[in-house]
Amino acid sequence: MTTLIPGYSTEQIAGLSTRTLTRLTSEDWAAFSSDQIMALTTKQFASLGSFAISSLSSDQVAFIQTDDLRALSSAAIRTLDDAKLGNLSSDQLGSLTTAQVNSLTSSQIHNLSTEDLNAFTTAQFKAISSAQMAALSSDQVAALTSEDFAAIGTAGMRGLNSAQLSSLTTDQVVALTTAQAASLTSAQITGLSSDHLASMATDDLKAISTAALRSLNSDQLGALSSDQMAELTTAQVNALTSTQIQTLSTEDLNALTALQFKAISSGQVAAMTTDQIAALTTDDFA
């Protein structure tokens with residue numbers, strides 16, 4: 001077949017049976033021209049296994065039509081090496097199904113360029129798993145658009161480590177959804193800088209779990225504005241550690257609402273310094 005393939009018309013290529021295609025050798029596939037690759041039908045591509053796709057060159061892969069690419073099995077997609085993935089256009093990458101994106105190996109995800117990642121749609125980002133997110137470098141994470149970052153599902157968010165989170169831009173932090181903020185663990189939140197915390201929307205801040213909130217250090221907690229402090233839930237205020245209470249400025253304490261003061265425990269009051277107590281207003285004591 002190797003010597004015959006170059007002479008086949010695009011109509012003849014489109015007419016090849018799936019049985020014939022599955023019998024082709026790597027040498028046969030190497031003989032396909034770009035026009036012949038484009039002539040293959042979606043049904044034909046759907047029948048191709050991992051061997052056939054792995055036999056294609058990076059130049060040939062670049063000519064696969066988007067509908068045909070979507071027809072490939074997850075197993076076939078996983079055979080694409082760095083050169084082949086890197087040769088896919090933005091339209092091709094953006095056409096991958098969510099199942100195909102979710103099937104990419106950690107190595108494949110890690111080796112995608114920032115341009116490749118930004119070619120993904122928000123629906124594709126929602127499909128990314130925690131293991132795939134963990135495989136991204138800090139530079140890759142920081143290069144995501146705000147829209148793409150906001151589209152990451154809670155499963156994907158759980159894969160981020162503190163180093164990756166520390167690389168986030170202010171725009172990405174502002175774009176956080178409440179569901180994403182709520183998914184942050186105690187270990188993850190330590191990766192957020194004071195500037196990150198200061199830029200966080202109040203609804204997102206309120207969504208942070210009490211366990212994660214208790215992990216904030218004095219610099220992180222001190223970066224919160226009066227408006228942010230006043231928006232903490234009573235459960236969050238009640239969860240603050242004695243050390244955290246002691247690090248609050250008098251401005252921070254006076255920013256708390258009457259409802260928040262009612263949630264303060266006797267142990268938290270006992271942890272306050274004399275200066276903090278002296279700075280409380282009569283309304284706070286009430």
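Rounded to two decimals, what ratio of Rg to Rh does region 47-191 give with C-alpha atoms and a Kirkwood Rh?
Here the Rg-to-Rh quotient is 1.00.
According to the Cα gyration tensor, what semi-axes, each the square root of 5 times an eigenvalue, does the equivalent ellipsoid of region 135-286 have, listed from largest to smallest in whole Å? Before the final figure, lay out each step's value.
On the way: eigenvalues 194, 36, 33 Å².
Semi-axes (√(5λ), whole Å): 31, 13, 13.
Springs between alpha-carbon atoms under 10 Å, Gaussian network over the chain: tell me which of T122, T25, T105 tops the mean-square fluctuations.
T25
Can you compute 3J(HN,Hα) from phi for each residue in region 139-147, using the Karplus curve 6.51 cos²θ - 1.76 cosθ + 1.60 with θ = phi - 60°, rounded to whole Hz and x for Gly and Pro?
Those phi angles translate into 5, 5, 5, 5, 8, 5, 6, 4, 5 Hz.
Give me the one-decimal Kirkwood hydrodynamic radius in Å for region 58-105, with the sum taken over alpha-carbon pairs. Numbers along the way, then the final one.
Working: mean 1/r = 0.0949 Å⁻¹.
Radius from the Kirkwood sum: 10.5 Å.
Quick one: grab the alpha carbon gyration tensor of region 1-106, order the square roots of its eigenvalues as a ≥ b ≥ c, and give me rounded if a/c is under 1.5, else prolate or oblate depending on whether a/b is larger than b/c.
The shape class here is prolate.
Excluding same-chain residues fewer than 8 positions from K262, which lysines have a Cα within less than 23 Å of its Cα?
K206
Please compute one quarter of the surface area of the Cα convex hull for the chain and express it in square nanometres.
15.7
What are the lysines whose alpha-carbon lies under 29 Å from the alpha-carbon of K84, with same-chain residues fewer than 8 places away excluded?
Leaving aside lysines fewer than 8 places away in the same chain, those within reach of K84 are K43, K126.
Read-outs throughout are calculated quantities, based only on the coordinates presented, and are distinct from any laboratory measurement. Only a predicted model underlies this, so the values are computations on that prediction, with no experimental measurement involved.
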